[in-house]
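Read through the structure below, which is laid out as structure tokens, and then see the notes.
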Amino acid sequence: MFENSNPTPLVAISDPLLSSKGISLHIKRDDLIDTEITGNKWRKLKYNLIKAREQGTEIILTFGGAYSNHIAATAAAAKRFGFQSIGVIRGEELNENSNPTLQKAHADGMQLLFVSRADYLFRTSPHWLNMHRQEYAAYIIPEGGSNHLATQGVREILHEIDLEFDYITCPVGTGGTLAGLASGLHPHQKALGFAALMGEDYLEKEVAQLLAPEFQSRQEIIHDYQFGGYAKHNPELISFIQGFYDQHGIPLDPIYTGKMVFGLYDMIKKGKIEEGKTVIALHTGGLQGIAGFNETFGLNLVGS
Ligand SMILES: Cc1ncc(COP(=O)(O)O)c(C=O)c1O
């Protein structure tokens, strides 16, 4: 289960901006790790599903929003590795045909439970979780897949990077990816997380909970590039993503990786990344969500 013998590619980006600032930028293409369980989802699900199997659990229960990459990946992983899956979805007005993400999760056999936004708030309540754990005899994975086992999987990314670097960047949604990266860094290295949603303090707390005290200072969340909140965007972001694809042939999604690379370029332009540094940007996948995003906003972004 979850064998990936080949490291995902590390692609050097050449760009006049980068050379003018003496910055070496590489993209770690974790979006290519698998066709369905992509990016950080592969890393975060790995040890959770291994644990579920060890416990003899047959049902995986997890949570997500309408376009959740985590829901799509969990449904695909459950199908592939022989688990049943249940997705608790935020939005009682939705159904399995509401968008391509939910359609695919449903087609992969995930049972979708649509709950109101108010009920969805119970997803972290120990009482509610216990009730569901017992009712479904399920292994429960938190929203976004972020827990300590997830950070263990994310940390393995660092073992695949055969290059001295100063910064590693990732998008931040629930914080597990950033915590996992920071937990494997040397003191002179730093993980920069680009918030994909509003939540100053809240996101910091989420990351802090997943990270041992000695690693706290090896990460920082940048809040300047969330574009007004989750899935919010503007023409500048969309044209940056399109331009990046045209120039480098690497698709980015507008919810997570697009905001991260946009933010990183802006920080480089403004001299906030020091000259001479080597930066790795982690491509965390998320390309499955582009179809639904295009449909909703009438856009034409390139997906996987
Ligand atoms: C494609 C993608 N990148 C990054 C993230 C953020 O990762 P994390 O939730 O671990 O902060 C998510 C999900 O939240 C995601 O779907």
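Summary table below
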{"item": "Residues with amide H under 5 Å from that of residue 225, placed H, sequence gap 5 or more", "result": "195"}
{"item": "Counting DSSP beta bridges with both ends in the stretch 40-145, the antiparallel % (nearest 5)", "result": "0"}
{"item": "Sequence-separation-based contact order of the stretch 40-145, relative, with Cα cut under 8 Å and 6+ spacing, percent", "result": "34"}
{"item": "DSSP beta bridges in the chain [antiparallel fraction, %, rounded to 5]", "result": "10"}
{"item": "Gaussian network model of the chain, springs between alpha carbon atoms under 10 Å - residue of 99, 147, 130 with greatest fluctuation", "result": "130"}
{"item": "Selection from 265, 299, 276 lying farthest towards where the dipole of the stretch 259-304 points positive, charges on Cβ", "result": "276"}
{"item": "Solvent-accessible area, 1.4 Å probe, carbon plus sulfur percent, for the stretch 1-143", "result": "50"}
{"item": "Hull shadow area, averaged, the chain [alpha-carbon convex hull, nm²]", "result": "15.0"}
{"item": "Amide proton proximity set for residue 169, modelled H, under 5 Å, gap of 5+", "result": "192, 280, 281, 282"}
{"item": "Placed amide H near residue 86: partners under 5 Å, 5+ positions off or other chain", "result": "60, 61, 62, 111"}
{"item": "Semi-axis lengths, Å, the stretch 40-145, gyration tensor of Cα atoms, sqrt of 5 times eigenvalues", "result": "19, 17, 11"}
{"item": "Cα centroid separation, the stretch 92-122 to the stretch 170-185 (Å)", "result": "27"}
{"item": "The stretch 116-245 - percent relative contact order, Cα under 8 Å, separation 6 or more", "result": "20"}
{"item": "Ellipsoid semi-axes in whole angstrom, largest first, where each is sqrt(5λ) of the Cα gyration tensor of the stretch 133-282", "result": "26, 20, 15"}
{"item": "Set of aspartates and glutamates near residue 46 by C-alpha distance (under 12 Å), chain-local residues within fewer than 8 positions excluded", "result": "3, 156"}
{"item": "Distance violations [Cα-Cα > 29 Å] among 190/259; 44/259; 104/269; 41/269", "result": "104/269; 41/269"}
{"item": "Percent breakdown of C-alpha pair distances by 5 Å bin, ordered from the shortest bin, for the stretch 1-43", "result": "5, 21, 22, 16, 12, 11, 10, 3, 1"}
{"item": "Evaluated over the stretch 168-222, the Cα radius of gyration and Dmax, each in Å", "result": "9.8, 29"}
{"item": "Calculated from backbone phi, Karplus (6.51, -1.76, 1.60) coupling profile of the stretch 89-97 in Hz, x at Gly/Pro", "result": "10, 6, x, 6, 7, 7, 8, 5, 9"}
{"item": "Span-like helix ranges in the chain, DSSP H, alpha carbon extent 20 angstrom or more, Kyte mean at least -1.0", "result": "none"}
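The values are calculated or read from the model by the stated rules, or taken from the named source; none is laboratory data. Keep in mind that what you see is a predicted model, and the values were worked out from it rather than measured. Note that we place each Cβ from the backbone using ideal geometry, even for glycine, and neighbour counts take in every protein chain shown. Surface accessibility is based on the protein's heavy atoms, side chains included, excluding ligands, DNA and RNA. Shrake-Rupley method; radii C 1.70, N 1.55, O 1.52, S 1.80 Å.
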